[in-house]
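Derivation of every value follows stated rules applied to the coordinates shown; laboratory data play no part. None of these values were measured; they are calculated from a predicted model. Cβ coordinates were reconstructed from backbone atoms using ideal geometry, including for glycine residues, and neighbour counts include every protein chain displayed.
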Amino acid sequence: LQSEAAALFNADNLTASEAKFREVLALKPTNLQAMDYYEVQIPARKAELERRAAVELKAETAAEGAEKLFLAGDYTGALVGWQQAVNQTETPESRIAYMGRMDVAREKQREKEAALQGRIEQLQSEGIALFQADSLEASGAKFHELQAIDAQNQNAKHYLETAIPARKGELARLAAQEDKAKAGLASGNKLYTAGQKSEAMAAWQSALPLALKEATRTAISTRIREA
């Protein structure tokens, strides 16, 4: 009985071990080894196993939380959770498993960062190209999208706060100048029709340097030659 009880104890089958040692003590109440197991070692071992179970439960809870974060795409949060599980567990197999999940999360995080950087570069390139084509609203939309994923991006800040507003102002100034040239052309035409040829010529000659579009310049130059 004593040998069987000790073997059960070593296998952590404590309830069965305790029952065997109880039988031993029933037969020989003064058996010191049985008393030591029954009164000291088995209670201590139970307490140790309960402590370990509580520790592993904490580790498993941290790992479960990490898995949820991983599935949600929060690889940084998942790494923190699995690191907590690694620090808490006392089971080598669990530690190896948690560290393996951390390796997967690190790789996913690298892929995520690379994809983000690629998107940043794409938005930046598209925004600049649209700006250079004077498609300023579309350019601004690209840079706003860029800021949404990279709030500290200095290129987005520059274009949104400085370059695009300045270019809008410049385009407005040029448009006003072109309008003035067209108004001069129209005024000259009216004067010419009214027989005021010298005044018409003066209006056209004043309008010509203001004209920015080829069609406007051609129209004014034609009128001057014809007059």
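With the simple spin-label model, which puts each label point 7 Å out from Cα in the Cβ direction, the ARG106 to THR61 separation comes to 2.8 nm. For the stretch 205-211, the Karplus equation 6.51 cos²θ - 1.76 cosθ + 1.60, evaluated at θ = phi - 60°, returns couplings of 5, 6, 6, 4, x, 7, 5 Hz by residue, with Gly and Pro reported as x. Let's test the formula: R0 of 22 Å, r as the Cβ-Cβ distance of ALA16 and ARG51. What FRET efficiency results, to the nearest 0.05? According to the calculation, E is roughly 0.55.
Alpha carbon centre of the stretch 101-125 versus the stretch 200-218: separation in Å? Each part's Cα centre sits 55 Å from the other's. Computed from the Cβ-Cβ distance with R0 of 30 Å, the FRET efficiency linking GLU121 to GLU170 stands at 0.65. Each Lys or Arg adds one and each Asp or Glu subtracts one; over the other residues with Cβ under 15 Å from the Cβ of LYS68, this totals -2.
Applied to the stretch 112-123, the Karplus parametrisation 6.51 cos²θ - 1.76 cosθ + 1.60 on θ = phi - 60° returns per-residue 3J(HN,Hα) values of 5, 5, 5, 5, 5, 5, x, 5, 4, 5, 5, 4 Hz, with x for Gly and Pro.
Computing P(r) over Cα pairs in 5 Å bins from 0, in percent for the structure here picks out one of (i) 1, 5, 11, 14, 15, 14, 12, 10, 6, 5, 4, 2, 1, 0, 0; (ii) 1, 6, 14, 17, 17, 15, 13, 9, 5, 2, 1, 0, 0; (iii) 1, 6, 9, 7, 5, 5, 6, 6, 6, 5, 4, 4, 3, 3, 4, 4, 3, 3, 2, 2, 2, 2, 2, 2, 1, 1, 1, 0, 0, namely (iii).
Plainly put, the stretch 92-227 has a radius of gyration that is 1.46 times its Kirkwood radius, both from alpha-carbon atoms, as the Rg/Rh ratio. 3J(HN,Hα) along the stretch 28-43, derived from phi through the Karplus expression 6.51 cos²θ - 1.76 cosθ + 1.60 where θ = phi - 60°, amounts to 9, x, 9, 5, 5, 5, 5, 4, 5, 5, 5, 9, 10, 5, 5, x Hz, with x in place of Gly and Pro. The label-point distance for THR76 and LYS28, in a model that sets each label 7 Å from Cα toward Cβ, rounds to 6.7 nm.
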